[in-house]
């Protein structure tokens, strides 16, 4: 059973890298702007589990600890900006990755890809908001640096960090599709009048804003 699960995940990873599924812009490009509204959201636990990540033979290799550091920082940089009145916890499994090595420019240049599964808890109620988790399959977008292949223009740390920030942005967009989780009207509901800001969450003593 485990063999088939892993084999299929690796096949998905190859497909993602080749087809460009969920290709998006640089995930850190908007961090210098005010965060998009997320109601009563404040970041609680920020847990990244990279130990079971699968990869493909052609990928540049990195350690689970490197993935944990990179993804934890990307999530903290994006979600640690919120000052709502309730804490929400993230559990992120890094399921698979491919960090593109140097290839034949344009003709056969590999692209970096990342597959993660995200679980989100309401800390106060200890309720899992998305039972079964949400899987994201992402691939690096086309830019001046990646057009000929990021394996030529970026080292593996840069590739990993870029994919981590891209994943954090994908998680944010997923949360925006479920505003009711954060005390906001459901998506598509017409709201009259300006939004009222919420006070900052009071964190339990000794609990940091984000921890791995």
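The values are calculated or read from the model by the stated rules, or taken from the named source; none is laboratory data. Only a predicted model underlies this, so the values are computations on that prediction, with no experimental measurement involved. Using ideal geometry, Cβ is built from the backbone for each residue, glycine included, and neighbour counts are taken over all protein chains shown.
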Residue count, segment 110-138 (criterion: in a strand (DSSP E or B) and either touching a residue at least 12 places away in the same chain (Cβ under 8 Å) or under 18 Å from residue 165 (Cβ atoms) (or both)): 15
Given (1) touching a helix residue (DSSP H, G or I) at 6+ places or on another chain (Cβ under 7 Å); (2) more than 22 Å from residue 177 (Cα to Cα); (3) surrounded by fewer than 16 Cβ atoms within 10 Å (Cβ to Cβ), index of the condition residue 65 fails: (1)
Single condition residue 59 does not satisfy, out of (1) within 21 Å of residue 173 (Cα to Cα); (2) modelled with pLDDT under 95: (1)
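Each row is one residue, and each column tells you yes or no for (1) modelled with pLDDT of 65 or more; (2) in contact with a helix residue (DSSP H, G or I) (Cβ under 6 Å, 6 or more places away or on another chain); (3) over 21 Å from residue 157 (Cα atoms); (4) crowded, with 16+ Cβ neighbours inside 10 Å.
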position: 1; (1), (2), (3), (4): no, no, yes, no
position: 34; (1), (2), (3), (4): yes, no, yes, no
position: 51; (1), (2), (3), (4): yes, yes, no, no
position: 69; (1), (2), (3), (4): yes, no, no, yes
Scope segment 65-85; condition in contact with a strand residue (DSSP E or B) (Cβ under 8 Å, 6 or more places away or on another chain) and within 20 Å of residue 99 (Cβ to Cβ); matching residues: 67, 68, 71, 72, 75
Some residue of segment 187-201 being at pLDDT 75 or above, in a loop (DSSP other than H, G, I, E, B), touching a strand residue (DSSP E or B) at 6+ places or on another chain (Cβ under 9 Å) and within 17 Å of residue 38 (Cα to Cα): no
